[in-house]
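Q: Mind looking over this structure? Questions follow.
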Amino acid sequence: MTSHRLCAAAVAAAVSFALPSFANEPINARALVAAAADAAAIYDLDTGQELARIALSSSVTDLAVTRAGIGLINDTGAHHVVVVDLTTAREITRLPASRLGGRRPVHLYLSPVIAGQQIAVVLNDGAGHGSHGAEPPTDSTATLIDVTVGSPSYLTAVGEVRLGHGHHKAAFSPTLPRMVISNISDCTNVLTVVDFANPAEPQVIHQFAPAAFGLDGSTPMRRCDASGRNGVSLAPHGVASSAASGLVFHHLTGTGQIAAIDLSQTPPALSVVQTAGTGGASIKDLPGGAVIVVPQRTPRELGLRGGGQRCQVGQLAVLDAVRPALLAQQPILSGGPDCSDSLAGRADAYAAPGYAIAPDGRHLFVQLGTLGGVREARSREIAVFDLGQPARPRQLPSIQIGAGDGTRDHAVTGDGRFLLVPNSLDATVSVVAIATRTVVKTLPTLPRPSRVGTFGAAGPSKPVGPPSLN
């Protein structure tokens, strides 16, 4: 080891020694953990005690927690939303995910509080992915649930609007009752802009077609095809909102484009930032909203399009959210910044970045899952980046957690002190102290935990709107 590495290690050790320990500090919160199998459970994070178990169908894909401690779980296989109270650890009701024929509720989002009103948006994916032509689907919808405490329609479905071909994700204006919903398998209606000033009658006010992203159909390489076999798949998948600019962002994962939409204009205005990466599932804005980050799954050493360096499992694109413009593209290395050996033959060979969180505004935590469809692949780490200089992101040593596959979820406790990451292959949740970047607790859970949210004295975990506003 070189002298400068020894010096850096000594400084890191000194800093770690000086930081407070969180191993025995009370978390004072409850965790709602959903499994991919047939149940969700509520745990006391301090004792590890299971407080309640809620029976579900064979498929669970998303959940959210409100400021009042209400947990909403999309029970995809049963086509309904399970409503639970984390303050009393009991189930309240089950709501149909659609009244218009929508099927398979997958993602679920909470809007910002605007004019004292808040909604939960349930996104029904319909029959599934693929190239469906120009005919609009009948089973892809967005259902709006009133989650405004004290409202006469509290915890009931109040409105619904039809979408393009799913899978779907949604991002909200920080200040206006408007959202942009992506349609991953649609080559007519790529992004749908919805006004929900009256949640009982949400209105589609604009649609962005492939031509807005340069696919005008003039050549095979400028033709949109959701399957990617006879053209280009745009595949929007990943969303964020910026409190600094008011812009809403969507990641076109098939082309590496980042769409920035200004919802204050009529019609909504679009600008596009091109990156060198593709794939992924999320976008994250740093506190304040001036910078957003996009974990992407290419370039990488192995799998997909390759082209990356050794150990690389994707890249982190960093954008100025105000201009908007690309600031940096930094490789994400499995094993941390010192990894130099090939990933070939390793369990993490097909690791892939998923969701990201930056609770302290400087350190970015990126959960490494695995690429879909790769058997025996697993990952046991959280990649960490220092974004003190956003144009020069620096990868730090990874945090070792339990084994997981697929795309990993996460939650940060309402006080911002602890990060929770489910380990699907170990049937546990890792609790990470954000200040020390160390695992302070491993909570045994029901089999294959896939989603997690928390609630405590400091409020809910997942942001109830654009993260910069909470």
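Q: Suppose the chain between residue 309 and residue 389 were pulled fully straight at 0.36 nm per residue; how much longer would it get relative to their current alpha carbon spacing? Spell out each step's value before the answer.
A: Numbers: separation 80, 0.36 × 80 = 28.80 nm, distance 2.32 nm.
Fully extending the segment from residue 309 to residue 389 adds 26.5 nm.
Q: Between residue 330 and residue 94, what FRET efficiency comes out of the Förster formula 1/(1 + (r/R0)^6) with R0 = 35 Å and r the beta carbon distance, rounded to 0.05?
A: Values: r = 44 Å, r/R0 = 1.25.
Working from the Cβ atoms, E equals 0.20.
Q: Multiply the residue separation of residue 266 and residue 153 by 0.36 nm, subtract the distance between their alpha-carbon atoms, and state the gained length in nm to one decimal. Walk me through the numbers on the way to the answer.
A: On the way: separation 113, 0.36 × 113 = 40.68 nm, distance 3.04 nm.
The residue 266-residue 153 span can extend by a further 37.6 nm.
Q: Would you kindly derive the ³J(HN,Hα) couplings of region 446-451 from the backbone phi angles with the Karplus curve 6.51 cos²θ - 1.76 cosθ + 1.60 (θ = phi - 60°), listing them in order in whole Hz, with x for Gly and Pro?
A: Ordered by residue, 3J(HN,Hα) equals 5, x, 6, x, 10, 9 Hz.
Q: Quick one: compute the contact order of region 297-390, relative version, from alpha carbon pairs under 8 angstrom and 6+ residues apart, as a percent. Don't skip to the end; give the middle numbers.
A: Values: 196 pairs, mean separation 20.0, N = 94.
Normalised by residue count, the contact order of region 297-390 is 21 percent.
Q: Which one, 410, 325, 364, projects farthest toward the positive side of the charge dipole computed for region 295-432 from Cβ point charges (K/R +1, D/E -1)?
A: 325
Q: Taking amide hydrogens as modeled 1.01 Å from N in the peptide plane, which residues meet the under 5 Å criterion relative to residue 407, leaving out close sequence neighbours?
A: 370
Q: For residue 441, which aspartates and glutamates qualify as cross-link partners when the Cα separation must be under 19 Å and same-chain residues fewer than eight apart are set aside?
A: 25, 44, 46, 50, 381, 409, 415, 426
Q: Follow-up question, since we're still on this one. Residue by residue, what Karplus-based ³J(HN,Hα) values in Hz, rounded to whole numbers, does region 263-272 have, using 6.51, -1.76 and 1.60 with θ = phi - 60° and x for Gly and Pro?
A: Karplus-based 3J(HN,Hα) across region 263-272 equals 7, 7, 9, 10, x, x, 9, 10, 10, 10 Hz.
Q: Would you list 413, 255, 219, 175 from fewest to most Cβ contacts within 10 Å? Could the numbers behind the result be given before it?
A: On the way: 413 25, 255 20, 219 9, 175 15.
Starting with the residue having the fewest Cβ neighbours, the order is 219, 175, 255, 413.
Q: Taking all pairs of distinct Cα atoms, average 1/r, flip it, and tell me the Kirkwood hydrodynamic radius of region 364-470 in Å to one decimal place. Before the final figure, lay out each step's value.
A: Values: mean 1/r = 0.0687 Å⁻¹.
Result for region 364-470, one decimal place: 14.6 Å.
Q: Between residue 274 and residue 338, what length in nm is gained on full extension when 0.36 nm per residue of separation is reduced by their alpha carbon distance? List each step's numbers first, then the result.
A: On the way: separation 64, 0.36 × 64 = 23.04 nm, distance 2.87 nm.
Result for the pair: 20.2 nm of gain on full extension.
Q: Could you tell me the calculated FRET efficiency between residue 221 and residue 442, based on Cβ-Cβ distance and R0 = 51 angstrom, to the nearest 0.05? Show your work: numbers first, answer last.
A: Numbers: r = 48 Å, r/R0 = 0.95.
Rounded to the nearest 0.05, the efficiency is 0.60.
Q: Further question on the same structure: Listing 271, 245 from the residue with the fewest other Cβ atoms within 10 Å to the one with the most, what is the order?
A: Least crowded to most crowded, the residues run 271, 245.
Q: Read phi for every residue in region 344-355 and hand back ³J(HN,Hα) as whole Hz from Karplus 6.51 cos²θ - 1.76 cosθ + 1.60, θ = phi - 60°, with x for Gly and Pro.
A: 4, x, 9, 5, 9, 4, 10, 4, 8, x, x, 7
Q: Another one. Is there a quick way to get the dipole size of the chain? I mean about its Cα centre, with the Cβ of Lys and Arg at +1 and of Asp and Glu at -1; what is the value in debye to the nearest 20? Let's see the in-between values first.
A: Values: 35 positive and 34 negative charges, 142 e Å.
With only Lys, Arg, Asp and Glu charged at Cβ, the dipole is about 680 debye.
Q: Projected onto the charge dipole of region 309-418 (+1 at Lys/Arg Cβ, -1 at Asp/Glu Cβ, origin at the Cα centre), which of 401, 377, 311 gives the Cα projection farthest towards the positive end?
A: Value computed over the given set: 311.
Q: Now for a different question. May I have the extent of the alpha carbons of the chain along their three principal axes, as whole Å values ordered from largest to smallest?
A: Over the chain, Cα extents along the principal axes are 63, 57, 41 Å.
Q: A further question follows. Counting other C-beta atoms within 10 Å, which of 300, 448 has the fewest, and how do the rest follow?
A: On the way: 300 30, 448 20.
Starting with the residue having the fewest Cβ neighbours, the order is 448, 300.
None of the figures in this text is laboratory data; all of them are computed from the coordinates on show. Source: prediction; values computed, not measured. Please note: Cβ atoms are built from the backbone with ideal geometry, for glycine as well, and neighbour counts cover all protein chains shown.
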